[in-house]
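Scroll down for the structure; my scribbles are underneath it.
The values are calculated or read from the model by the stated rules, or taken from the named source; none is laboratory data. Here the structure is a predicted model, which is why all the values come from computation and not from measurement. Cβ placement follows ideal geometry from the backbone for every residue including glycine, while neighbour counts extend to all protein chains displayed. Each accessible area value is taken on the protein alone, full model and side chains, heavy atoms only, with ligands, DNA and RNA left out. Shrake-Rupley method; radii C 1.70, N 1.55, O 1.52, S 1.80 Å.
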Amino acid sequence: MNGAAACMRRAIELAKTAWGRTAPNPMVGCVLVKNGRIIGEGYHHRAGEFHAEVEALRSCKCDPVGAAAFVTLEPCSSTGHQGPCTEALIAAGISRVTVGSLDPNPAHAGRGLEILRQAGIQVSTGVCREACEELNYPFFKWITRHRPYVVLKMAMTLDGRIATSSGDSKWITGEEARGDVQHLRKLAGAILIGSETARIDRPQLTVRDVPDWPCQPKRFIAGHAELPGFTSIDLADEASWNSFLAELASEECLMLLIEGGGELAGRALQAHVVDEAVFYVAPKLLTGRGSRPVTGGKDPEKLTDALDLDEFRTKYFGGDLRISGYIKGGWADVYRHR
Ligand code: AOF
Ligand code: ZN
């Protein structure tokens, strides 16, 4: 395979094979290349199992001595459930290691690269860095801040409505967009909805597109509503948000997905707990003063009170448009501009 970027892209693809299955570990992929050919590939399947580098070494059909390794994340350097990947790479005689993103886990951060260099391995970093980092924002925030990464997902009409005045909301977006939500949901260790949404929609909020999905998110209602499988919690102020998020993190939840309604969305944004907003916009205009708006909460006084977004991105899913961005001042924004 030609080119470091192409090898790293393949490693990213491998890492994503385990999408949503690795928590509380990151998704990691690794490709081994010798004489211009891929001789080994691997990815981290789930926490407690082999790391990507070891998987790739084990898959080799020929001697890996002198091969180059492309890893999406800095190889680990100490023993956890698994032995250090730095040692495995050194023992296998790997001569070059290209790393996509550094591992901010304080147990490894930077040390992995240092150990490889000291062993005489040529180390380079930063190939497809952004893509490698974005693969693991939930892990990065959790391991450094002991809080889950928070994503706010909403589906709305072009005029910013999420339901009629009577609460009819099925469906605003089409099948493809809802399929993308299933994909996003797989990363969520927990899902949160408002009490009104719980009462009116009675949603399941499960991952359904894979039979017997092993990592179903824990489900919570902000406020009080009876819904089987959901836990009611009180999120009255910033302190209660903070203890909720701390509790989730201690239960190894790497990502919280907030799925509406508008009142909860507004309050979560105003409590400054959201890191990333993912909005699906349907080509529909609902109109109506009583139709429910996509965000509620308190009324800001000035336009300068608006939250800004960084990296505003768009992608079509069928006829619907997904617009996403990182909330300025949130964890992801700060991390990206560090
Ligand atoms: C790697 N390659 O594929 C992964 C890494 O408890 P352990 O031994 O599984 O270690 C988990 C830590 O190792 C995790 O917190 C993260 O820092 C790193 N994950 N490192 O070299 C991998 N999954
Ligand atoms: Zn490792």
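One chain, two ends: SER166 and LEU285. Fully extended at 0.36 nm per residue, the span grows by 41.2 nm beyond their Cα-Cα distance. Each stretch of four or more DSSP H residues adds -39500 (n - 2.57); spread over every residue of the chain, this sum gives -8000 deg cm²/dmol at 222 nm. Can you give me the Cα centroid spacing of the range 1-58 and the range 65-84 in angstrom? Distance between centres, Cα-based: 10 Å. SER250 sits with roughly 90 Å² accessible to a 1.4 Å probe, with DNA, RNA and ligands left out of the calculation.
If a/c stays under 1.5 just call it rounded; otherwise compare a/b with b/c (prolate if a/b is bigger, oblate if not). Do that for the range 4-135, with a ≥ b ≥ c from the square roots of the Cα gyration tensor eigenvalues. Rounded, because the longest to shortest axis ratio a/c is under 1.5. Gain on full extension, evaluated as 0.36 nm per residue between SER78 and LYS328 minus their Cα-Cα distance, stands at 86.6 nm. Each Cα pair under 8 Å and six or more residues apart adds its separation to the average, and for the range 140-336 the resulting relative contact order is 32 percent. Ligands, DNA and RNA are left out, and with a 1.4 angstrom probe the accessible area of the chain is 48 Å² per residue.
Residues ASP209, ASP299 ordered from highest to lowest accessible area at a 1.4 Å probe: ASP299, ASP209. For the pair ALA236 and SER59 in one chain, pulling the backbone fully straight at 0.36 nm per residue adds 58.5 nm over the alpha carbon distance.
Per-residue SASA remark: LYS298, around 150 Å² accessible (1.4 Å probe; ligands, DNA and RNA not included).
Under the simplified labelling scheme, the THR17-ARG313 pair shows an inter-label distance of 2.3 nm, with each label point 7 Å from Cα along Cα→Cβ.
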